[in-house]
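> The structure's right below; bear with me while I get my questions together.
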Amino acid sequence: MANEPQRAPQPTPQPSSGPAPAAYKEPNTADYRAYARTQGEQRYQLPPDLVEAVFEQESGFNPTALSATKVPGIAQLTKATAQDEGLTDADRRDPWRSMDGGLARLARIDREFPDLKWGQKIIAYNMGIDGYKKYLDGALKLDPKKKRDKEILDFPTRVQGRLEKIVAKR
């Protein structure tokens, strides 16, 4: 398509290093990072360091990553979120389409919650926009003693840790 952004050459996918999003060591991971940062900033006016930190936390930029709940891809989009962003199930496994969907989701979250800081907004990336609205309205309670709820509540802290490492490298 004429409006499609130029994409870097696709690296050969490697087997997942497991559910932990340890940094993916494929030499061409830089292509993924550059694409996410550039497209996030140019197409959606997203902070590039934040974009990189979110995807780093989600998958370590490993295109074959699979979460503990079996969510695939760099952006770790659930089937419902991917469909909401116009992606197919197969698109979630394509590194470029996965990132496109994740960037579109971050931009949608930014529009949905304009008065919140990113430290709060990224909870919606992890739990979904509708779930986060319910949480903000008090209709959904998160119990930090429950594993999944604790993961949701700790997501901003984990992303912040990634963000600090990214900024320190520059």
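The values are calculated or read from the model by the stated rules, or taken from the named source; none is laboratory data. Owing to the predicted nature of the structure, the values given are computational and were not obtained by experimental measurement. Neighbour counts are summed over all protein chains in view; Cβ atoms, including those assigned to glycine, are modelled from backbone coordinates with ideal geometry.
> Given the criteria under 14 Å from Leu106 (Cα atoms) and free of Cβ contacts under 8 Å to residues at least 40 places away in the same chain, does Ala75 qualify?
On the way: under 14 Å from Leu106 (Cα atoms): yes; free of Cβ contacts under 8 Å to residues at least 40 places away in the same chain: yes.
Criteria met by Ala75.
> If you don't mind, another one. Within the set of pairs 6 or more residues apart or between chains, which connect a residue that is within 15 Å of Asp110 (Cβ to Cβ) and modelled with pLDDT under 95 inside region 36-50 to a residue that is buried (at least 16 other Cβ atoms within 10 Å of the Cβ) and of a type outside the set (A, V, I, L, M) with Cβ atoms less than 6 Å apart?
Taking only residues 6 or more apart or on different chains, not a single pair turns up.
> Look at Met99 and say whether it is out of contact with any Gly (no Cβ under 8 Å at 6 or more places or on another chain) and at pLDDT 95 or above. Full working, then the answer.
On the way: out of contact with any Gly (no Cβ under 8 Å at 6 or more places or on another chain): yes; at pLDDT 95 or above: yes.
For Met99, the condition - out of contact with any Gly (no Cβ under 8 Å at 6 or more places or on another chain) and at pLDDT 95 or above - is met.
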